[in-house]
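The structure appears right after this line, and notes come after that.
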Amino acid sequence: MGYINVFISQNARLYIKNSQLFVENEQKKVDYPLEDVNSIMVENLYTNLSTYTLSQFAEKGILLFVCDRAHLPCGVVLPFCEHYQTLSVFGEQMALSKPIKKQLWQAVVKNKINNQNEVLNICGGQDDLKKYADSVLSGDSTNNEAKASSVYFKKLFGPYFGRRNENAINSCLNYGYTIVRGFVARSIVVHGLQPFLGINHCNQFNSFNLADDLMEVFRPLVDLYVKLCLSHCKELTPKIKMELFNLINYDVEVDNQRQTLSNAIDILVESFVRSIKSGKNELKTIKVFGLNMHSYE
């Protein structure tokens, strides 16, 4: 996977020549080595690119987001059947027992709540959520995820904040979550998994149930960025969108090592594949520890 994330907000033409991605408009032309490109956000509705360019994105595993008239992500282009054992992995995923699914969801919820608790600590709060993390049962049968989130968002953004409110904070959160969801979906497909087969989410109209499951542990990083950097914003501006898109290059911790959010997503999905093969919980723990842009040497 590459490390360059390209954000396109103006009219442009995208094309590939000599293994380079060119982005060209009336003012300038820039190019990137195709192998170094991780993702592309096309916010402008009049950007032009060819079918050949799209096919190269798919072959290289480059994630392409497209936006609607409100300049919000409405679709994502994913690689198709890239894994060499897709049928085998699908069979193992289908055969995953209900008790193991519940154990995996328990691990996801516990990891998420611990990260939410760390976000509160970073922002000067208390260990109010630790009791919820420590008491998560198999399958989260007591719904600790919802209980913790109810406390968490009010502690983070104020007593009158609600996730269903229409405001700039929720717009920023939703935009960041959409970016993370797309990257998780990409990794799921690349590893031969079927994104509609979740461990907890099971909406028959949702093609990304598994992505919605696994992305939960990464949400607190978005929350932390919005709290520390965007809490006073009045609207979701193009500049803010670029900042949120760039969160994929921020660090989290896995096995006491710092990893970009993009790499950590792949590590988590790989551990999920190991879990379905072994029939036991082998999910990696993702730790949010602050806002740190990854340094590429």
Next item on the list: Scan the stretch 131-157 and report the pairs whose first residue is assigned by TED's automatic domain parsing to the domain that holds residue 222 and whose second residue is assigned to a loop (DSSP other than H, G, I, E, B) and of a type in the set (A, V, I, L, M, F, W, C), with Cβ atoms within less than 7 Å and a gap of 6+ or a chain change.
Entry: 144/136; 148/129; 151/129; 152/129; 153/161; 154/161; 156/123
Item checked: One residue from 65, 161, 90 being assigned by TED's automatic domain parsing to the domain that holds residue 280 and touching a helix residue (DSSP H, G or I) at 6+ places or on another chain (Cβ under 9 Å) -> 161
Notebook entry, point to check: Can you tell me how many residues in the stretch 1-23 are in a strand (DSSP E or B) and not basic (Lys, Arg)?
Noted result: 12
Next item on the list: Just give me the residues in the stretch 278-297 being of a type in the set (D, E, K, R) and either within 29 Å of residue 246 (Cα to Cα) or surrounded by 14 or more Cβ atoms within 10 Å (Cβ to Cβ) (or both), in sequence order.
Entry: 282, 284, 287, 297
Notebook entry, point to check: Condition test on residue 191, is it without any contact (Cβ under 8 Å) to a residue 40 or more places away in the chain and either over 12 Å from the mean Cα position of the chain (by Cα) or farther than 26 Å from residue 90 by Cα (or both)?
Noted result: no
Notebook entry, point to check: So which of 164, 181 is charged (D, E, K, R) and over 28 Å from residue 39 (Cα atoms)?
Noted result: 164
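Yes or no, residue by residue, for (1) modelled with pLDDT of 95 or more; (2) assigned by TED's automatic domain parsing to the domain that holds residue 153; (3) of a type in the set (Gly, Ala, Ser):
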| site | (1), (2), (3) |
| --- | --- |
| 226 | yes, yes, no |
| 232 | no, yes, no |
| 237 | no, yes, no |
| 251 | yes, yes, no |
| 261 | yes, yes, no |
| 295 | no, no, yes |
Check: Residue check: is residue 76 in a helix (DSSP H, G or I), touching a residue at least 40 places away in the same chain (Cβ under 8 Å) and among the aliphatic types (A, V, I, L, M)?
Finding: no
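The values are calculated or read from the model by the stated rules, or taken from the named source; none is laboratory data. Please read these numbers as outputs of a predicted model, since none were measured by experiment. Virtual Cβ from ideal backbone geometry, glycine too; neighbours counted across all protein chains shown.
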